[in-house]
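Down below is the structure, laid out as structure tokens.
The values are calculated or read from the model by the stated rules, or taken from the named source; none is laboratory data. Just so it is clear, the model here is predicted, and its values are computed rather than measured. Positions of Cβ are backbone-derived with ideal geometry, glycine not excepted, and every protein chain shown enters the neighbour counts. For the accessible areas, the whole protein counts, side chains as well, though only heavy atoms, and no ligand, DNA or RNA atoms are used. Shrake-Rupley method; radii C 1.70, N 1.55, O 1.52, S 1.80 Å.
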Amino acid sequence: IPFLAVQTPGDSSLKGLLMEILRTVDVMLDTKYYQDAIRSRATVDMLVGLVSQVSLNHLCVLIIDEAQNLVSAKNGQTLVNTLVQLINNSGISLCFVGTPECSTFFESAFQLARRSVGLRYSALAYDDYFCALCKVLYSYQYTARASVITEDIISWLYLHSGGITAIVVGLIHAAQEIAILDGVETLSLEM
């Protein structure tokens, strides 16, 4: 598997994360690592070794989604030490996806800060880049009749999204749904 995306468990435990990695690998590869770990009542140290071995043999990148659940865990330093151990043992890359409060956690842990590169998406300014983004998004129309984006629509999108890309996408998507369901079948400022 070139990459594996894992949803952070809601309980924010380190053992839960390691078990979720094994469970996800099992689903992708039809293996029994998760069941074997449960059967052997694996400790966290045993799980780190097993996940490292599984990662070394099967993964290039491990993507951990909802990382803010781990950041807010009470055992934050244990988490940092375990992640460093996992990186060192397996040689794979880790990618954390989460809300902005994650960055302060990873920057405060020196072992992770020197190994990480941050990519942050924040609100866009109302500039040429935002206008170009809107034009590209607007070109993906599923209505029966295509329309051309206007400056008024771009301005409206910025006003109602605050420059947040996900909201722009959602607004254009919702406008298309409304246009199709209402039988108008074309995008416009009214939609």
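Compute the orientation-averaged projected area for region 124-171 from the convex hull of its Cα atoms and round it to one decimal in nm².
3.1 nm²
Once label points are set 7 Å from the Cα along Cα→Cβ at both Ser93 and Asp65, what is their separation, rounded to one decimal in nm?
Reported label-point gap for Ser93 and Asp65 is 1.9 nm.
How far apart, in nanometres, would the label points at Gln35 and Leu181 be if each is projected 7 angstrom from Cα along the Cα-to-Cβ direction?
Computed distance between label sites Gln35 and Leu181 equals 4.4 nm.
Starting from 0.36 nm per residue, how many nanometres of slack lie between Lys135 and Ser147 once their C-alpha separation is accounted for?
3.2 nm
Return the distance in nm (one decimal) between the two label points of a simple spin-label model at Ala5 and Asp127, each offset 7 Å from Cα along Cα→Cβ.
The two pseudo-label positions are separated by 2.9 nm.
Determine how large the accessible area of Glu107 is when every protein chain is in place; take a 1.4 Å probe and give Å² rounded to the nearest 10.
We get 110 Å² for Glu107.
Sort Cys95, Cys60, Cys134 by heavy-atom solvent-accessible area, probe 1.4 angstrom, most to least.
Sorted descending by solvent-accessible area, the residues read Cys60, Cys95, Cys134.
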